[in-house]
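Colleague: Below are the structure tokens for one structure; questions will follow.
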Amino acid sequence: MQDHLPTMTDREPSTLVETRTDNKKKINISEREKPRISLPNSIKLKDRVVLTSDSDHKVHLEPVPTHPYDISYACLIIPRFSSHLLMGDITESLRLWMQQICVSFAWRLDNINIRPDYMQWFLSVPPATPPSRCIRTVQEHTSKRIFEDFPQFKRENLSNEFWASRYMVLLGNLPHPQDMISEFITVTRQQQGIQPRRNA
């Protein structure tokens, strides 16, 4: 008995499906083999929101912020020596270095404010990144660059730390009040023994 060969009418209709691969290959999948997937009206896939329409079954991709839950900090540090003022060329260098540091560690530098006696910046980082790590990283990298590019500071400061060890951090992106900054500088200099303590 001769085997029955399928005719064109016996075959299942095929659909051309494009697969996202590195080589962008195209494959044929029959309707019978196609997976049945039902999507809700709105789902989130990684960094995209997939919106489905019941009327025309089209899929629309909407961008979603990469880090919607980043935390903002206002950070402030001061030079270790009160005579080491942040003026002139060092201010432009610090702005450039801060941008490089933040890009390198996947932080977002929202703003930076440099005054002769302190540097203040506003940072957005993932929740798992403690502000102390950010500040320590900034202190280490900028200290190294300052002593390399501005050796006059190294002649007086015998350590590898340009900045005082104390720092001030506020949650949010609002600047530190000026009276708080003045008090912080005064207390830091008193603890260093540079400035006499006030009488109680």
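Values in this text are rule-based calculations from the coordinates and carry no lab data. Nothing here was measured: the structure is a model prediction, and the numbers come from that model. No Cβ is skipped: glycine too gets one built from the backbone with ideal geometry, and neighbour counts run over all protein chains shown.
Colleague: Multiply the residue separation of T137 and E183 by 0.36 nm, subtract the distance between their alpha-carbon atoms, and state the gained length in nm to one decimal.
Modeller: On the way: separation 46, 0.36 × 46 = 16.56 nm, distance 2.46 nm.
So the extension gain works out to 14.1 nm.
Colleague: Give me, ordered by chain and number, the residues 5 or more places off D110 or on other chains with an amide H under 5 Å from its own placed amide H.
Modeller: Here F122, L123, S124 satisfy the definition.
Colleague: Still on this structure, please answer the following. Report relative contact order for the range 71-192 in percent, whole number only (criteria: Cα-Cα under 8 Å, sequence separation at least 6). Show your work: numbers first, answer last.
Modeller: Numbers: 157 pairs, mean separation 48.2, N = 122.
In percent, rounded to a whole number, it is 39.
Colleague: Add +1 for every Lys or Arg and -1 for every Asp or Glu among the other residues with Cβ under 13 Å from the Cβ of F150, and state the total. Could you put the intermediate results ahead of the total?
Modeller: On the way: positive: K144, R145, K154, R155; negative: D89, E92, E148, D149, E156.
Every neighbour counted, the sum reads -1.
Colleague: Under 11 Å from the Cβ of S165, count the other residues' Cβ atoms, weight Lys and Arg +1, Asp and Glu -1, and hand me the total.
Modeller: Details: positive: R80, R136, R166; negative: E161.
Computed value for this residue: +2.
Colleague: Just subtract the alpha-carbon distance of N160 and Q195 from 0.36 nm times their residue separation and send over the number in nm, one decimal. Working shown, then result.
Modeller: Values: separation 35, 0.36 × 35 = 12.60 nm, distance 2.25 nm.
Result for the pair: 10.4 nm of gain on full extension.
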